[in-house]
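What follows is one structure encoded as structure tokens, with my remarks underneath.
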Amino acid sequence: MKIVREQREELTSLVKVTVEEADYREAVEKDLRAYRRKANIPGFRPGMVPMGMIKKMYGAGVTAEQSYRTASNAVFEYLQKEGIDYLGDIIPSDEQGKFDFENETEFEFMFEFAEAPKIDLELSDKDELTYNRIKIEEKMHNDYRTNFLRGYGRLVDADEVVADEALNVTLDNGEINVSDAYVGLVSMTEEERKPFIGQKIGFKTKVNINDLYKNPAQRAAILQVKENELEGINPEFELEITNIRKFAEPEMNEEFFKMAFPSGNVTNEEELNKFIDSRIEEELGHECDYMFTLQVRDFLIKKAGLKMPEAFLKRWLFTINEGKFTMEEIEKDFDQFLKMFTWNYIQKHFIKEDKLEVSKEEVDAEALAFAAAQFAQYGMPSAPQEMLENFKTKILEDKNQAQKIYEKLFEKKVVEDVKSKIKVSEKQITTEEFAALAKEL
């Protein structure tokens, strides 16, 4: 076997591997014997088909497969032996010629790979970044408090529509009359609520039911018809408000605190407000941490100044996706891919250099937190521990989910590692300022 490497532009290399029959003969013969054992050909007992016939039927295909496998394995062994770190994977070269596996025994395979660029990142307190922390504003506190208490409050009758009340209405289009339909202003935008603000019981107006109930299933339920019957219904209705109800917060008494906080960690309104702020800080903290991660990413990519073999990476993406994407589609999203690819490569550098590790305990804790967040999203903020543990196990049994958790934790480790080496100052900003920064990143 002969291996020749030709260095090309942008860190890429062409590797020519010449394999002779002696390099792959044993593997070919093993495969052909397996074919012979399994062959089911009329006139021959199983396992008794002449080897000459087997070679004629399968020889060229097996030779192609085993000679290629021998050559590609040789490239990997060569790179390992030479200590060459490469990007992505090794791919067949566009310069590859044709083969005659029927008549020839010596083949020259051509592969391409891209050598990984060297990373030289010296970090010190001369490198500065700002951690932006969102201020907890009064409106933010009040909105969170209202949403939290909504789960423990009640609806009471009201005389006038002020904000996000719940309305009972009559709908009539001359053909269909619904006497007790529900309209929830809380789910509407401010613009959609405008026609109702300031109105009282008995108020009448024209509405389009398709605008009022955007979900077809909801429209069908309100009108007491099947979804496939909606198309023939005139959507223009007269709406009359028959009842107005507003949300009333629960009384701040012992009964409420025992119901909302059975563990007894919150027992009065002052502690409730502190609890609300702590929950807001926790949620905002995730946003701020994510923003800082993006800042670290962009800072390191710029500081490292790596010259990536872009032409090779595009060919690699096209090859590994086996035609799922055209080169035009790859070009369109390539800048974003290159940023993420470079960031992942830089992360691997820090993981290796600083010996960063993720423990099983950390993975379990992250999966458990993810499980709790999922249950909270579906209205179960205090799911039983056994239920969380079972869901955590299912998450970690899913290889893709588990991989995402590991990647997330390693990214956190890298960011903390970098943070410990540079100067980081903290700045409080408004939600509007934060949104503007997020848009930039």
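The values are calculated or read from the model by the stated rules, or taken from the named source; none is laboratory data. All figures in this text were calculated on a predicted structure; none of them were measured in a lab. Note: ideal-geometry Cβ built from the backbone for every residue, glycine included; neighbour counts use all protein chains shown. Keep in mind that these areas ignore ligands, DNA and RNA; they rest on the heavy atoms of the full protein, side chains included. Shrake-Rupley method; radii C 1.70, N 1.55, O 1.52, S 1.80 Å.
Please specify each residue of region 236-254 satisfying the condition of being over 13 Å from Q199 (Cβ atoms) and either touching a residue at least 40 places away in the same chain (Cβ under 8 Å) or part of a strand (DSSP E or B) (or both).
E236, F237, E238, R245, K246, F247, A248, E249, P250
For residues that are touching a Ser or Thr at 6+ places or on another chain (Cβ under 9 Å) and open to solvent by 40 Å² or more (accessible area, probe 1.4 Å), scanning just region 269-314, find the one that is nearest to D120 (Cα to Cα).
Checking each candidate, the answer is I301.
Run down F325, F375, F350, F391 and say which single residue is surrounded by 14 or more Cβ atoms within 10 Å (Cβ to Cβ) and touching a residue at least 24 places away in the same chain (Cβ under 8 Å).
The match here is F350.
What are the pairs, 6+ residues apart or on separate chains, where a residue within region 211-233 that is over 17 Å from V169 (Cα atoms) has its Cβ under 8 Å from a residue that is open to solvent by 70 Å² or more (accessible area, probe 1.4 Å)?
Qualifying pairs under 8 Å: P216/E227; A217/E227; I233/E175.
Name, by its number, the condition in (1) at pLDDT 95 or above; (2) more than 44 Å from the chain's Cα centre (by Cα) that does not hold for A27.
A27 satisfies every listed condition except (2).
Cβ-Cβ below 7 Å, separation at least six or inter-chain, first residue in region 179-204 and touching a residue at least 40 places away in the same chain (Cβ under 8 Å), second open to solvent by 90 Å² or more (accessible area, probe 1.4 Å): which pairs?
Correct list of pairs: K200/D159.
For region 107-142: of the residues being of a type outside the set (S, T, Y), in a strand (DSSP E or B) and open to solvent by 20 Å² or more (accessible area, probe 1.4 Å), which is nearest to D298 (Cα to Cα)?
Among residues in region 107-142 that are of a type outside the set (S, T, Y), in a strand (DSSP E or B) and open to solvent by 20 Å² or more (accessible area, probe 1.4 Å), the one nearest to D298 (Cα to Cα) is L129.
Name every residue in region 160-190 that is at pLDDT below 90, open to solvent by 70 Å² or more (accessible area, probe 1.4 Å) and either touching a Leu at 6+ places or on another chain (Cβ under 6 Å) or under 13 Å from L212 (Cα atoms) (or both), in order of residue number.
Listed by number, the residues that qualify are V186, S187, T189.
Quick one: how many residues across region 1-17 are of a type outside the set (K, R) and more than 43 Å from the chain's Cα centre (by Cα)?
The qualifying residues number 1.
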